[in-house]
Amino acid sequence: MTTSVLLGLVAVAFLVGTLRLPPQARRYGYATVLACGAISVKYALMSAEVWTISTTGTDESIVRFVGYTVAWGAISYVLGSVADAGRLKTAGVFVCSLTTLWGTFASWVLSGTAETAVSLIVLLALIGLVYLLFGALSRTVVTTSDHRELLYTKLKFLVLLAWAGLLVLGVVSAQNLGLLGGFVGLVTGSYVDLILFVGFGGLVLRNATALEETAASTVLVSFLDDPEADGTATGVEQDVDAST
């Protein structure tokens, strides 16, 4: 419950920081609030033992994975926007994240050949995620600006560090190798979550210039990223304005 309260307070702080951003850049700040808030709610519901299922070694809360799904959706949106990756590559980051996440959960529930097959899928999804972060998205972000490239670089290494930590915890958990008890695994996972989501929000909100540049030129989700909705014009629209 302590982690839930801490992340809840951090989410409020991120909301305050978001409202201090230029209006057109606030959508990315709201993504940090959503990610942090989702994990805060996740821990609160886990503490109340809501929606649990029996797995190998212990009972596991499905809410945990639902919370991560929401949070990684927000993270994927920011990564794809800052890198100017487009909808397909951004969706790829999200799908690989979800496959790794829910595949880990499935490996705790299944056994035998099915568990081995799911573990292989998780490995392939992780490889795909690393490729996207360090390959495809890294190639698109270099065509944007120095501010956006710097922010993306910091975010991708933070994401990689967090995934490495989460996967190691998944392997040594009570459901797999049994090297960690349920309580120790939960506490260790809490530290990883704090590092990831506090770091994610802090990096995003401290790079207002990169966010402004992203908002001015990148359309990823139409109802969020429509430059006309923020009163900004890009490309041909700027030329038309200048001529009039």
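The values are calculated or read from the model by the stated rules, or taken from the named source; none is laboratory data. All figures in this text were calculated on a predicted structure; none of them were measured in a lab. Counting neighbours? That spans all protein chains shown, and the Cβs are built from the backbone with ideal geometry, glycine included. Only protein heavy atoms, including side chains, enter the accessible area calculation; ligands, DNA and RNA are left aside. Shrake-Rupley method; radii C 1.70, N 1.55, O 1.52, S 1.80 Å.
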Roll a 1.4 Å probe over the protein chains and send me the accessible area per residue for region 1-133 in Å². 44 Å²
Size of charge dipole - region 21-160 - debye, nearest 20, with Cβ of Lys, Arg +1 and Asp, Glu -1, no other charges: 520 debye
Which whole-number percentage describes the relative contact order of region 1-156, with Cα contacts under 8 Å and a sequence gap of 6 or more? 19 percent
Cα lying deepest toward the dipole's positive end in region 1-73, options W51, T18, I62, charges on Cβ: T18
Taking the Cα centre of region 1-140 as the origin and placing charges on Cβ (Lys, Arg +1; Asp, Glu -1), which of A117, G8, A31 is farthest toward the positive end of the dipole? A31
Near K89, which lysines are there with a Cα under 27 Å away, not counting those fewer than 8 places off in the same chain? K154, K156
Each residue of region 203-208 in turn: what ³J(HN,Hα) in whole Hz from Karplus with 6.51, -1.76, 1.60 and θ = phi - 60°, glycine and Pro shown as x? 5, 5, 6, 8, 10, 4
Report, to the nearest whole %, how much of the accessible area of region 1-140 belongs to carbon and sulfur atoms, 1.4 Å probe, protein only. 71 percent
In terms of solvent-accessible area of protein heavy atoms at a 1.4 angstrom probe, what is the ranking of D59, D193, highest value first? D59, D193
